[in-house]
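Participant: Let me begin by handing over the structure; questions about it come next.
The values are calculated or read from the model by the stated rules, or taken from the named source; none is laboratory data. Quick caveat: nothing in here was measured; it's all calculated off a predicted structure. Reconstructed Cβ throughout: ideal geometry from the backbone, glycine too, with neighbour counts over all protein chains shown. Remember, those area values only see protein heavy atoms, side chains included, never the ligands or the DNA or RNA. Shrake-Rupley method; radii C 1.70, N 1.55, O 1.52, S 1.80 Å.
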Amino acid sequence: MSEIEQAPPGVDGTVPSPARMYDYILGGSANFAVDREAVEKVRAQMPDLEDAAWANRGFLQRSVRWLAEQGIRQFIDIGAGLPTGNNTHDAVQKVAPDARILYVDNDPMVAAHAKTLLEGASGTAFITADFRDPEGLLGHEKTRAMIDFSRPVGLLLVTVTHFVPDEEDPWGLVRRYVSRLAPGSYLALSAITSERQIDRAVDTVKSVYAGSSSPGGFPRSRAEIERYFTGLEIVPPYEGAPAEVCHVGQWGAVDADDANTDGSRWGYCAVARKTA
C-alpha cells in the first residue's frame, strides 16, 4: 500500500505540508515522500536547513521552560506542528507537571498525529483552527475549557506569522490575540528573515512553500518582526543582553556568540510580557 493510500482521512499526500516538512527536517516519521522531496529542494540551496530548524526548536523549548519558571501554567501553542518528540508539554511539564497546554494547528495530518502523540499526556488538548481566525480559535469550546483568560497565558507563535502575507496584516492578528490575554501574560514569537541571506536560497524557500498546503514563506526584516512586540515588554534573551529581539539560536543560550550560527540567523525571536 502506498504512502498516499495510508494517509489519514482528509490528508492530501500529494501536496507537501509545512508541518510534515518540519517533522522530516527534525528527524520525525509523520511525513510523506512529497514532503521529503520538497525539503530536499530547499536543502540543496540552504545547507544549514537542519541547523535553522533545530535553532528554532531550541528557542521554543528554552522559552517555554523559562515561562514555566516564571509561573505560567497555561499555554496556547498555535501552529504547533507536533513533531515526533520534544514538544511544548515535554519541556513545560518538567518544570510544572500541572501546566496545561493547548495545541492548535490547521493541518489535518497534525490533528491525526495528535491523537496518538498526546494520548496519555495529562494537561494537553488539541484543536483544529487557523491562526487567521482569532475569534474562532479563542472561542472554541476546548479553548474555553482549557484556558482561563482571567489568568496569565503563554502565547506561542513559533514560525507562524511568515505564512500570512502583509495584506492580511499579521501584526494586527497578533494584537488581537494579545488583547485577549490577562496582564502578566507572555508572547513568545519567532519568524524567518531574509536579511543577509543568499537570494537563491530565499527564492527557493518562497517557491517551495508557495506550492505547499499552506502557501506562505514571507520572510521579514528585523524591524518588521520587532513590530509584533509593540506595546509589550521584551525580556532580555540571555544574561547581559539588551531587551530586544535576537536570532533564534541565541535566546536562552549560555554562550550567545557560539549559538549565533548560520542556521540561527534565518530567524528572529523574542519573548515579551504584557504589563497592562
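Participant: Would you point out which residue out of Asp77, Asp105, Asp51, Asp12 is among the acidic types (Asp, Glu), in contact (Cβ under 8 Å) with a residue 40 or more places away in the chain and closer than 24 Å to Val235 by Cα?
Facilitator: Asp77
Participant: Condition check: modelled with pLDDT of 95 or more, open to solvent by 40 Å² or more (accessible area, probe 1.4 Å) and not in a loop (DSSP other than H, G, I, E, B). Does Lys115 satisfy that? Before the answer, list the steps.
Facilitator: Working: modelled with pLDDT of 95 or more: no; open to solvent by 40 Å² or more (accessible area, probe 1.4 Å): yes; not in a loop (DSSP other than H, G, I, E, B): yes.
Against the criterion (modelled with pLDDT of 95 or more, open to solvent by 40 Å² or more (accessible area, probe 1.4 Å) and not in a loop (DSSP other than H, G, I, E, B)), Lys115 does not qualify.
Participant: Here is a further query. If you take the residues in region 153-175 that are open to solvent by 30 Å² or more (accessible area, probe 1.4 Å) and assigned to a helix (DSSP H, G or I), which one is modelled with the highest pLDDT? Outline the logic, then answer.
Facilitator: First, pick out the residues of region 153-175 that are open to solvent by 30 Å² or more (accessible area, probe 1.4 Å): 159, 163, 166-169, 175.
Applying the additional criterion that residues be assigned to a helix (DSSP H, G or I) yields 163, 166-168, 175.
Details: Phe163: 92, Asp166: 95, Glu167: 95, Glu168: 95, Arg175: 98.
Ranking the qualifying residues of region 153-175, first place goes to Arg175.
Participant: Same structure again: Restricting region 256-276 to residues that are open to solvent by 10 Å² or more (accessible area, probe 1.4 Å) and within 23 Å of Gly184 (Cβ to Cβ), which is nearest to the chain's Cα centre (by Cα)?
Facilitator: Arg273
Participant: Can I ask one more? Select from region 200-210 the residues that are over 24 Å from Cys246 (Cβ atoms) and over 20 Å from the mean Cα position of the chain (by Cα) and write down the one among them that is surrounded by the fewest Cβ atoms within 10 Å (Cβ to Cβ).
Facilitator: Ranking the candidates gives Arg200 first.
Participant: Please go through region 136-193 and pick out each residue that is touching a strand residue (DSSP E or B) at 6+ places or on another chain (Cβ under 6 Å) and on the phi > 0 side of the Ramachandran plot.
Facilitator: Thr159
Participant: Within region 184-198, identify whether any single residue is within 20 Å of the chain's Cα centre (by Cα) and in a helix (DSSP H, G or I), and answer yes or no.
Facilitator: no
Participant: Tell me which residues, restricted to region 11-34, are in a loop (DSSP other than H, G, I, E, B) and more than 14 Å from Asp105 (Cβ to Cβ). Spell out how you get there, then give the answer.
Facilitator: Keep residues of region 11-34 that are in a loop (DSSP other than H, G, I, E, B), which gives 11-17, 26-32.
Correct list: Asp12, Gly13, Thr14, Val15, Pro16, Leu26, Gly27, Gly28, Ser29, Asn31, Phe32.
Participant: Give just the number: which of (1) buried (at least 21 other Cβ atoms within 10 Å of the Cβ); (2) among the aliphatic types (A, V, I, L, M); (3) over 27 Å from Trp251 (Cβ atoms) does Ala55 not satisfy?
Facilitator: (3)
Here is a yes/no grid of residues against (1) at pLDDT 95 or above; (2) charged (D, E, K, R); (3) in contact with a Gly (Cβ under 6 Å, 6 or more places away or on another chain); (4) in a loop (DSSP other than H, G, I, E, B):
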| site | (1), (2), (3), (4) |
| --- | --- |
| Phe126 | yes, no, no, no |
| Ala145 | yes, no, no, no |
| Arg151 | yes, yes, no, yes |
| Tyr177 | yes, no, no, no |
| Val208 | no, no, no, no |
| Ser214 | no, no, no, yes |
| Pro219 | no, no, no, yes |
| Arg227 | yes, yes, no, no |
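Participant: Which residue pairs have Cβ atoms closer than 8 Å, lie 6 or more positions apart in sequence or on different chains, and pair a first residue in region 244-255 that is polar (S, T, N, Q) with a second residue that is outside any loop (DSSP other than H, G, I, E, B) and surrounded by fewer than 24 Cβ atoms within 10 Å (Cβ to Cβ)?
Facilitator: The qualifying pairs are Gln250/Ala256; Gln250/Ala259.
Participant: Restricting region 1-20 to residues that are hydrophobic (A, V, I, L, M, F, W, C) and more than 23 Å from the chain's Cα centre (by Cα), which is modelled with the lowest pLDDT?
Facilitator: Here is the first cut: in region 1-20, the ones hydrophobic (A, V, I, L, M, F, W, C) are 1, 4, 7, 11, 15, 19.
Retained after the next criterion (residues that are more than 23 Å from the chain's Cα centre (by Cα)): 1, 4, 7.
On the way: Met1: 39, Ile4: 48, Ala7: 72.
Taking the candidates together, the pick is Met1.
Participant: Among the residues of region 52-83, write down those that are basic (Lys, Arg) and not in a helix (DSSP H, G or I). First the steps, then the outcome.
Facilitator: Within region 52-83, the subset basic (Lys, Arg) is 57, 62, 65, 73.
Within region 52-83, just Arg73 meets the criteria.
Participant: Just name the residue that is nearest to Ser214 (Cα to Cα) out of those in region 25-38 that are without any contact (Cβ under 8 Å) to a residue 24 or more places away in the chain and open to solvent by less than 60 Å² (accessible area, probe 1.4 Å). I'd like the intermediate steps shown before the answer.
Facilitator: The initial filter retains those residues of region 25-38 that are without any contact (Cβ under 8 Å) to a residue 24 or more places away in the chain, namely 31, 34-37.
Retained after the next criterion (residues that are open to solvent by less than 60 Å² (accessible area, probe 1.4 Å)): 31, 34-35.
Details: Asn31: 15, Val34: 14, Asp35: 13 Å.
Among them, the one singled out is Asp35.
Participant: Within region 245-255, which residues are within 19 Å of the chain's Cα centre (by Cα) and in a loop (DSSP other than H, G, I, E, B)? Give the steps one after another, and end with the answer.
Facilitator: Filtering region 245-255 for residues within 19 Å of the chain's Cα centre (by Cα) gives 245-253.
Residues satisfying the conditions are Val245, Trp251, Gly252, Ala253.
Participant: Do you know which of the residues in region 227-255 that are under 22 Å from Leu26 (Cα atoms) and of a type in the set (A, V, I, L, M) is least open to solvent (accessible area, probe 1.4 Å)?
Facilitator: So the residue we want is Val248.
Participant: Filter region 37-77 down to the residues that are within 24 Å of Tyr103 (Cα to Cα) and of a type in the set (Lys, Arg), then identify the one that is modelled with the lowest pLDDT.
Facilitator: Arg57
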